[in-house]
Amino acid sequence: MKLSVSSSSNSSGSTGASGSSGKATADRDWFIPEDGRKQLTQLFAKLPNPVVLDVFTDGDDKNAFNGYTLRFAEDISLIVDKISMNHHALDSEEAKRRDVTLSPTMFVGTGESDPALDYRIRFTGAPLGEEGRALVESIFLVSLRQSGLTETSRRILSELKEPRKPRVFTSPGCPYCPGQFMHAAKCAIERPGLVEAECVNSDEFPDLSKRFRVGSVPHTQYDDTHKAIGLLPEERFVLEMVTLKSAEELMREHGMDPGHEGHDHAHGAHGMDPEGLDVVETDMVVLGAGPAGLSAAIYAERSGMKTVVLDKAVVGGQVTVTPVVENYPGFTDIAGLKLVEVLSAHARQYATVRENEAVHEIKIGKLIEVYTSRAVYLCKALVFATGAQWRKLDAPGEARFYGRGVSYCASCDGFMYRGKRVAMIGGGNSALTDALHLKNLGAEVTVIHRRDSFRAEKALQDSLAREGIAVIWDTVVEEVLGDSVAPVEGAVGDGKEGKAAGTVPSGEDTGVVRGIRARNVKTGEVSELPFDGVFVAIGHIPNSEQAAELGVVLEKDGSIKVDRHMRTNIPRIYAAGDVTGGVRQIVTAVGSGATAALAAFEDTQNPYWKKKGE
């Protein structure tokens, strides 16, 4: 029996399909594949309270996103008892009431008339790719009737007196976007009727993206003037939403140095009381949830060491933004994000993994104390698996046009450059992988490399030649060029260049990239080349600052110096993965993580730094 959605329209011009597993029949033309239906059934099996999906479309059959959203919502409502869906026309009274003008749009709510349960969580555009994760998590939180915010975030949000409508622009391939939107969704659940969270698929609505000059995702528009680019820690997101000021500006107002990342300043900026933090006792803390950190957690737990993994962003590290991995043993080729899911699922079977939890301070005493905005972790061993960050060109215009044509993440931002001219700067594996990814998305790619030959694997070089991607050899970027327009009034920030996530500096123009000024290193010839986007992949800088503050010895390149057991010069402190330099590959990161965990276990049993008989 085919699905029969009731055609009886209510006053808002909607039709409904309520969730009931009894209506799910074998001959239905399912949109969600069988494996996906089984997974969702298991995932939502214990939802405590009903959830309603309200879908708005304009009736345009040529809009494939309309059909995708409708059929996806219908399927979920049929396989999960606690989920129901309603379909509304874009010209209905309900659409007017909710101020819906774009198709498709989906709301996740309770269906209750109680103002205390009036959750306003909106998906503008089909929940494709990574946005699906945000939709699933939103359904869970709405069903629980709980925001999941930290106590610190709740305390900051309690000061909000005026309505807020944070709008997070995302793209299907961005692994950081769901985390940023969920900050907004949690606020909408915590303060119903006062906060409305909106997730906008920037690829589906280019005009809206252009209006707010979205060039990199996640891009969060708090109001017409205040915005942030990148994934922010939860507490900072809430703080900026409440105050409509950047955390840096607030710190300056309180006489603090915005560049200081110490424990006291970080807590002061968020209005936190260090004495009120939860205390968590564990055997080992791993900083970083990339392949090295996850592997360390698995091996530590299997050795009998209770382990907590902390990451300031999301699980996976650099692997999450690698389109395809072709050199990891056991997989001929696998999407980076899929490999992360496999590693993460394995690690979570053993250890506690906490995302979006940045470390502000580390103290070494009888036990090692690790301070975050949410807790103090007391442990016997600490592993730095903090990875590395993208190296920047340090060219004029690079920071000025970050998020408006300059990007370091082809997976995150590539969708916005289909049919456009882009430059890929670099000559290693990452640069060529990203160039191939951009070409596959439909961008016109030119690789610019400072040498006369690539450092990348031959297989990638062959693929580049096969795809006919142009290469400019022996050339460096002297300046990123762009159009200038009027500064954004009310935009805030510290004005410093090179921030991976933050708000637009005050008085800085909001133009877009139009090209680069390049110099041939052999002839000295300087030329201007037209491009709509500049992607940078020229290596990485180790995230070793906190280790250095503890007195851990670094190599000349800033990587953490370790022995063959991954021990640092300080007993009980270990390091693994890209932060230790050397061959930066997933397989070596996994091996070093396992080695560090086994060394930590051995050392807690037989402390090599203690004298015999001590």
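Just a few scattered comments:
- Of all residues in region 26-39, those that are modelled with pLDDT under 90 have Cβ atoms under 8 Å from Cβ atoms of residues that are of a type in the set (Lys, Arg) and open to solvent by 100 Å² or more (accessible area, probe 1.4 Å), 6 or more apart or on another chain, in 27/2; 28/2; 29/2.
- Selection of strands (runs of 3 or more DSSP E) fully inside region 35-144 by the criterion of at least 2 residues being basic (Lys, Arg) returns 120-124.
- Cβ separations smaller than 8 Å between residues 6+ apart or across chains give the following pairs from region 357-374 residues that are more than 21 Å from residue 148 (Cα to Cα) to residues that are basic (Lys, Arg) and open to solvent by 50 Å² or more (accessible area, probe 1.4 Å): 367/380; 368/380; 369/363.
- Looking across region 28-50, just one residue is small (Gly, Ala, Ser) and open to solvent by 70 Å² or more (accessible area, probe 1.4 Å), and that is 45.
- Hits in region 152-177 (condition: surrounded by fewer than 24 Cβ atoms within 10 Å (Cβ to Cβ) and without any contact (Cβ under 8 Å) to a residue 60 or more places away in the chain): 154, 158, 161, 162, 163, 165, 167
- Here region 329-357 is the region considered, the condition is being surrounded by fewer than 19 Cβ atoms within 10 Å (Cβ to Cβ) and among the aliphatic types (A, V, I, L, M), and the residue that is modelled with the lowest pLDDT is 335.
- Screening region 511-541 for residues that are over 21 Å from residue 402 (Cβ atoms) and part of a strand (DSSP E or B) and picking the one that is nearest to the chain's Cα centre (by Cα) gives 519.
- Pair list, Cβ < 7 Å and 6+ apart or interchain, from region 125-146 residues that are acidic (Asp, Glu) to residues that are part of a loop (DSSP other than H, G, I, E, B): 130/172; 130/173; 130/174; 130/175; 131/172
- Members of region 197-234 found to be touching a helix residue (DSSP H, G or I) at 6+ places or on another chain (Cβ under 7 Å), surrounded by fewer than 24 Cβ atoms within 10 Å (Cβ to Cβ) and under 19 Å from residue 98 (Cβ atoms), listed by number: 204
- Considering residues of region 304-328 that are open to solvent by less than 20 Å² (accessible area, probe 1.4 Å) and among the polar types (S, T, N, Q) only, the residue modelled with the lowest pLDDT: 320
- When region 428-455 is filtered for residues that are part of a loop (DSSP other than H, G, I, E, B), without any contact (Cβ under 8 Å) to a residue 40 or more places away in the chain and open to solvent by less than 10 Å² (accessible area, probe 1.4 Å), only 449 remains.
- Considered as a group, the residues in region 456-480 that are charged (D, E, K, R) and either touching a strand residue (DSSP E or B) at 6+ places or on another chain (Cβ under 8 Å) or more than 17 Å from residue 410 (Cβ to Cβ) (or both) include one that is most open to solvent (accessible area, probe 1.4 Å), and that residue is 466.
- Matching residues, region 551-568, being of a type outside the set (Gly, Ala, Ser), surrounded by 14 or more Cβ atoms within 10 Å (Cβ to Cβ) and under 28 Å from the mean Cα position of the chain (by Cα): 560
- The set of residues in region 51-73 being charged (D, E, K, R) and open to solvent by 30 Å² or more (accessible area, probe 1.4 Å) consists of 58, 60, 61, 62, 71.
- Qualifying positions in region 279-293 - open to solvent by 10 Å² or more (accessible area, probe 1.4 Å) and part of a strand (DSSP E or B): 279, 280, 281
The values are calculated or read from the model by the stated rules, or taken from the named source; none is laboratory data. Keep in mind it's a predicted model, so treat the numbers as computed, not measured. In this analysis, Cβ positions are derived from the backbone assuming ideal geometry, glycine residues included, and neighbour counts consider all displayed protein chains. For accessibility, only protein heavy atoms count, side chains too; no ligands or nucleic acids. Shrake-Rupley method; radii C 1.70, N 1.55, O 1.52, S 1.80 Å.
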